[in-house]
Amino acid sequence: MTAAITIKSLRKTFGALTVLHEVDLSIEPGQFVVLVGPSGCGKSTLLDCICGLSQPTAGSLHFDDQDVTNLPPRERDIAMVFQSYALYPSMTVRQNIEFGLKVRKMPKAERDKEVTRVATLLKIEHLLDRRPSQMSGGQRQRVAMGRAMARRPRIFLFDEPLSNLDAKLRVEMRHEIKRMHQLVRTTTIYVTHDQVEALSLADVIVVMKEGHIQQVGTPQEIYDKPANTFVASFMGSPPMNLIPARMKRRDGVAGAELLPAGGLPNWIKLQEPAKPIADGEELIIGIRPEEFHFTSERPLLDGDVAELTLPINVLEPLGSEYVFTSTVNGAEVSARLNAKSGPHPDGDTLQVLFEPRRVCLFDPGTSNRL
Amino acid sequence: MRSLGKLKTLLLLGMALPAVAMSQARAADVEVLHWWTSGGEAAAIGVLKEQLAEQGVGWTDFAVAGGAGSSALTVLKSRILAGNPPTAAQMLAQAVREWGQEGLLTTLDEVAAENDWDGILPEAIQNIAKFDGSYVAVPVNIHRSNYIWSNSKVLAEHGLSIPTTWDEVFAVGEALRKAGVVPIAHGGQPWQEAMLFENILISVDGGPETYRRLFVERDATAVENPAFAEALDIFRRLKSLMDPNFAGRDWNLATGMVITGEAAMQFMGDNAKGEFVAANLKPGVDYACTPLPNTQDDFLFYTDSFAMFEATNEESKKAQQIMAKTILEPIFQEAFNLRKGSIPVNQKVSLEKFDSCALNSREGLEAAAAQNTLMPSFAISMAVPPAVEGAMFDALTNYFNNDSVTVDEVKAGFVNALRQ
Amino acid sequence: MPFANSNKGVAATAATSLPASTNRYLGWSERWLPKLSLFPTLLVSGTAIYVFIVWTGVLSFTGSRMLPRYNFVGFDSYRAMFATERFGVAATNIVIYASLYIAISLALGLLLAILLDQKVRGEGLLRMIFLFPMSLSLIVTGVVWRWIFNPGLGLEKFAYDMGFVDFKLDWIINPSLAIYTLVIAAIWQSSGFVMVLMLAGLRGVDGSIIRAAQIDGASMPYIYWKIVLPLLAPVIFSATVILGHLAIKNFDLVVAMTNGGPGYATDMPATFMYAYSFERSQIAVGAASSIIMLGVATLLLVPYLYIQIRRGR
């Protein structure tokens, strides 16, 4: 009932424009995979190639061992949920759900059973005789999911299914999708540009940019160990702080001088990088905003702790936390500090702590992580 | 109101009388509705304009082209309904009758008596110029309907001569067809088909009498005369001598086919002559006009005439009378008819300058008048009211174009038509 | 509208300073100005349409011949009209013509629109080419198609000259087929227009609906039939109404193409009306046929109005 997906050297061009460059990806059966990236990154094109609405220019696509590269969509045994829900406006909810079954010539009795099953699962029994125009966005979204589930496909595809909903509904439907996946455990590919959705839903996140896969990994891996500065800045809100610096050890302690030189502060302590970096080499330091702490939290931090004094630009108390922005040698740095741990700071500067081992280092030339 | 108005006019006239006597009664302008807009016709109307100008009558042209007068009729109706009729309007006989019935035409008896219209017009034509015994219209010309126009060169080329019997028509036609010439050029419009039929009818035995009873006396029982069925038979059989593309063709295009030699003959009234004249062809040399078989001494005529509307003032009346008189004067009669292809309606006018076709027409006219077969053409709205005519056209054109229609259906159509 | 707006502005600012009477005047003008400005249009269309409909209705019950007369004779004209075979022909013709014209124009227009909707290159140009016939006068269309169908001038002669001596296309001179030549010419004239309407309708259809149905396993014809066509229902309905009234008032095409011939085989109610009212001096019969045409058109339009009104609510 659920299939593995193997994509090999997949390329898609429209005329002179290459939308997907040599994409390789394997997805295990039952995995929830989220394709995420800014608009124009090729994630929707990749989805179209997987569902068969678009033919790849080169490369192959396998579901389990079956080569589906050139199969039309209806022979791929997949289902898709669209951003606009794409419900058939002239049909009732029941007719929408059973459309695919009818096309596949399933007998009426079985169809009815399937509709009932799906409707119960999604709690839309009371909507079965309504038309799409008579329902709210959230209800339509449920029906669209119901339509996809009724066929019991081997793969589910979601194309930005939540972007037309308001924030509250979005959260609700996100949970619903997660619940459904845990229930049916069907391989799912989910396209979104919203990194929060990606982090919250995915077993595996695939970050894409300009037709290239940037990183494949679990949400935690993607968050903690971004493969490059793009992933680092795209995932997480506010994004990871990226500060240009130059390696400079002080008294045998690994550290970096912030660039351009001078100003306050000008040196921070780092963990000795895994890959040897000579003093004087340039690098980019990445620190997540929530890695900063008030000095009062020192006892909570284990291992090596570094200190940093930052000039205050803006300090916004948000109840549970302070969001704090600072300009460090021309680079904007933001920090999210636990409100319980610190008094309301005053003065021009703020002293914060961080753990050097939580800091990422990037190569400024390739922007890849060191 | 009316008598008051008249009284006022009289009073005014009384005051103005001395002045009038001195100024020789200056006549008003005439506004004339007509549909003579093509080259020859416009030139002909120009002659009338000049003649009137010499007599101090100005001319306001009110030409409405198209639809063989039906557009002009529509315009005329709207002018009448608006209470603003022109001075005179070109009309065919049945229209004269209808406007007469509406009581809108003025009598021309005075000018007719002065100029002896009874003496110069054939009786059959007097009849259509009169309503209730009074002259209400001035006839201008006489056209003859029962003519065959043939291309002499084409016939000679194939060693054929103009047919004088129906058998010959079919024999000659067959020979021409085999030689790749269209024997008869026909225009598939209801009136042209009606014209073909009316001429066939007077050509068969007992035909003229049947024609008179049917179209002049409007006696529906005449359809039972054998002549009626015989004429219908020839009518439909002639189709085999026509090219298949006649549907909707205008008469002058059919004439053009004869002129170019694409076709050998056309059955058409002598309005066709204008086309030959315009093509610089000579009668008796390049083309011939021959009456249909057996109709040398019969004559179906149609005439154009001008009817005068009741004028509101003496000046206009005066102008109308001058116009009526001028139309029948030899100068205009000759000039106009030479251009139009018809013959003068004034029988006193010499045909010295006219061609052989015109002489032939005059001969036929006299012979027909003598044996009482000078009759109005029903195809050109001379004989029966438009409603009857229309229904008859329907019956004939349906019969001609649809081979499944029977003679009995045409008879029934005619009987119905005469009830209109 | 600018008037109404400025008045409102004046009324608002002047409320305190101007005497009450002026104020009342402004209120009055504000209320009546829109109605007043619509009045001339209303008057003209009222008289030019409704008064004349009534007049025509009255005339149809008189014995009017060449000019209107008000001697009432009841249903005589209607009886006379239904007795003429020609009216039967005209009525049959309009049924054949209207049903084929509407059905085929819709089908062809839809087909063209679907084909053009497949992201064809040069779509703008094609759309213009297909729409072009609509910009022609029906007279021109009629003349052109008369030539095309004329066996001695048009396609038949062309085929003959090409060596296909057995090719026959003589519909226009065949009384039982001539009506179909009118249908063809009329379809040529308006299917492009229908296409543009349908194309606009198709463009309004969310593409993901079609993609969803494709993934659901439906074939393209099935998708168009079951999903897209129901969505085009309003467009199809409007197109039908437009084509329907074009069909009923068809006059110029007949006049230019066959002039009712051969015989009166291609007569239509409109040409019938014209012939009787203006050529045969039977205004009453002509009026009667107009009233019948109005009646039929009304019957066809009632569902449309009903739906419009229901939707309005």
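Points to keep in mind about this one:
- Scattering profile of the range A:87-138 at q = 0.14, 0.17, 0.18 Å⁻¹ [log10 I(q)/I(0), Debye over alpha-carbon scatterers]: -0.33, -0.49, -0.55
- Once backbone amide H atoms are built at 1.01 Å from N, B:TYR135 has B:LEU108, B:ASP109 as its partners under 5 Å, excluding neighbours fewer than 5 places away on the same chain.
- The range B:166-218 and the range A:59-115 have their alpha-carbon centroids 75 Å apart.
- All Cα pairs of chain B, percent lying beyond 40 Å: 19
- Label-point separation, A:SER9 to B:ALA63 (7 Å along Cα→Cβ), nm: 8.5
- Alpha-carbon centroids, the range A:147-219 and the range B:362-382: separation in whole Å: 99
- Comparing Cα centroids, the range A:247-326 and the range B:78-94 end up 107 angstrom apart.
- Here the ratio of the Cα radius of gyration of the range A:140-239 to 2.2 N^0.38 Å is 1.12.
- Using θ = phi - 60° and Karplus 6.51 cos²θ - 1.76 cosθ + 1.60, couplings along the range A:49-54 (whole Hz; Gly, Pro as x): 5, 5, 8, x, 6, 9
- Distance (nanometres) between label positions extended 7 Å along Cα→Cβ at C:ASP76 and C:VAL44: 3.9
- Amide H contacts under 5 Å for B:VAL349: none, restricted to partners 5 or more places along the chain or on a different chain, H placed in the peptide plane at 1.01 Å from N.
- The alpha-carbon positions of the range C:26-131 define a convex hull whose volume is 247 Å³ per residue.
- For chain B, share of DSSP beta bridges that run antiparallel, in % to the nearest 5: 60
- Working note: Debye formula, equal point scatterers on the alpha-carbon atoms of the range B:219-295, no solvent; log10 I(q)/I(0) at q = 0.12, 0.13, 0.17, 0.19 Å⁻¹ is -0.45, -0.52, -0.80, -0.92.
- Measuring nothing but how far apart in sequence close Cα pairs (under 8 Å, 6+ apart) lie, relative to its length, the range A:158-247 scores a relative contact order of 19 percent.
- On Cα atoms only, tilt of A:93-103 relative to the major axis of chain A in degrees: 70
- Exposed loop sites here are chymotrypsin sites (Phe, Trp or Tyr not before Pro) assigned a DSSP state other than H, G, I, E or B and surrounded by at most 12 other beta carbons within 10 Å; excluding them, the longest clear run of chain C is C:165-313.
- The calculated FRET efficiency for B:ALA156 paired with C:VAL165, based on their beta-carbon distance and R0 = 30 Å, is about 0.50.
- Sites C:ALA297 and B:SER350 - FRET efficiency at Förster radius 56 Å, r taken between beta-carbons, to 0.05: 0.35
- Normalised by the number of residues in chain A, the average gap of Cα pairs under 8 Å and 6 or more apart makes the relative contact order 16 percent.
- A simple packing score, the average count of other Cβ atoms within 10 Å per residue, orders the peptides A:5-13, B:155-163, B:134-142, A:314-322 as B:134-142, A:5-13, B:155-163, A:314-322, with the highest score first.
- Under 5 Å, built H, 5+ apart or other chain: amide partners of B:PHE62: B:VAL32, B:HIS34
- Cysteines not pairable in the protein assembly as shown (beta carbon separation under 4.7 Å absent): A:CYS41, A:CYS49, A:CYS51, A:CYS360
- Here the Karplus relation 6.51 cos²θ - 1.76 cosθ + 1.60, evaluated at θ = phi - 60°, turns the backbone of the range B:263-280 into coupling constants of 10, 9, 9, 9, 8, 6, x, 7, 4, 5, 4, x, 5, 5, 4, 4, 8, 6 Hz, with x for every Gly and Pro.
- Charge tally for B:ALA124 (other residues, Cβ to Cβ under 14 Å; Lys, Arg +1; Asp, Glu -1): -2.
- Rotationally averaged projected area of chain C (alpha carbon convex hull; nm²): 26.5
- FRET E, pair C:SER176, C:HIS245, Förster distance 41 Å, beta-carbon r, rounded to 0.05: 0.90
- Take each residue in A:97-104, count the other chain C-beta atoms within 10 Å of its C-beta, and the mean is 4.
- Relative contact order for the range C:85-312, counting Cα pairs under 8 Å that sit 6 or more residues apart, in percent: 30
- Only helices reaching 24 angstrom along their own axis (Cα) with mean Kyte-Doolittle hydropathy no lower than -0.5 count here, and for the DSSP H runs of chain B these are B:2-23.
Read the figures in this text as sums done on the coordinates, not as results from a lab. Note that this is a predicted model, so its numbers are computed, not measured. As a convention, Cβ positions derive from the backbone with ideal geometry for all residues, glycine included, and neighbour counts pool all protein chains shown.
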